[in-house]
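Peer 1: Have a look at this one before I ask anything.
The values are calculated or read from the model by the stated rules, or taken from the named source; none is laboratory data. Keep in mind it's a predicted model, so treat the numbers as computed, not measured. Note: ideal-geometry Cβ built from the backbone for every residue, glycine included; neighbour counts use all protein chains shown.
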Amino acid sequence: MPAKIAMIKTLKRTATSVLPISKKRTGSCLRCGQCCKLLVNCPFLRYDAENKSSCSIYKCRPLNCLKYPRISSESVTADKCGFKFE
């Protein structure tokens, strides 16, 4: 994905992060860390000894991180993500 398109999608996710999460979303986070590398590698992304990711600011992370993927069209990491949409 070209950088300009990725930036536009990131800005859109940020602007719409105040909206509710789709009721069609199921599953849970697998701690793969792919969503933290969409445009650039997040500086708050950490990995443990088992190579599971975590957020060093988890308790105060931004809404777009908290709600990703909010709707199915936002799910750009669907192949690895534990969240699915019915």
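Peer 1: Being within 13 Å of Thr10 (Cα to Cα) and among the hydroxyl-bearing types (Ser, Thr, Tyr) is the filter here, so list the residues in region 57-74 that pass it.
Peer 2: Within region 57-74, Tyr68, Ser73 meet the criteria.
Peer 1: On to the next question. Restricting to region 50-72, name every residue that is touching a residue at least 24 places away in the same chain (Cβ under 8 Å) and charged (D, E, K, R).
Peer 2: Within region 50-72, Lys67, Arg70 meet the criteria.
Peer 1: Here is a follow-up. Any chance you could count how many residues in region 7-64 are touching a Phe, Trp or Tyr at 6+ places or on another chain (Cβ under 8 Å) and at positive phi?
Peer 2: Result for region 7-64: 2.
Peer 1: Here is a further query. Check every one of the strands (runs of 3 or more DSSP E) wholly within region 1-55 and list those with 2 or more residues that are within 15 Å of the chain's Cα centre (by Cα) and within 20 Å of Ser72 (Cβ to Cβ).
Peer 2: 25-27
Peer 1: Have a look at Glu74, Glu50, Glu86 and point out the one that is acidic (Asp, Glu) and surrounded by 14 or more Cβ atoms within 10 Å (Cβ to Cβ).
Peer 2: Of Glu74, Glu50, Glu86, the one residue that is acidic (Asp, Glu) and surrounded by 14 or more Cβ atoms within 10 Å (Cβ to Cβ) is Glu74.
Peer 1: List pairs: first residue in region 75-86 and within 15 Å of Lys9 (Cβ to Cβ), second residue at pLDDT 90 or above and buried (at least 18 other Cβ atoms within 10 Å of the Cβ) anywhere in the structure, Cβ distance under 8 angstrom, at least six positions apart or on different chains.
Peer 2: Between residues of region 75-86 that are within 15 Å of Lys9 (Cβ to Cβ) and residues that are at pLDDT 90 or above and buried (at least 18 other Cβ atoms within 10 Å of the Cβ), the close pairs are Ser75/Pro69; Ser75/Cys81; Ser75/Phe83; Val76/Pro69; Thr77/Cys35; Thr77/Pro69; Ala78/Pro69.
Peer 1: On to the next question. Among what's in region 56-66 and is in a helix (DSSP H, G or I) and surrounded by 12 or more Cβ atoms within 10 Å (Cβ to Cβ), pick the residue that is nearest to the chain's Cα centre (by Cα).
Peer 2: Going through the qualifying residues, I end up with Cys65.
Peer 1: Right, next: Answer yes or no as to whether Lys37 is surrounded by 12 or more Cβ atoms within 10 Å (Cβ to Cβ), without any contact (Cβ under 8 Å) to a residue 12 or more places away in the chain and not aliphatic (A, V, I, L, M).
Peer 2: The answer is yes for Lys37.
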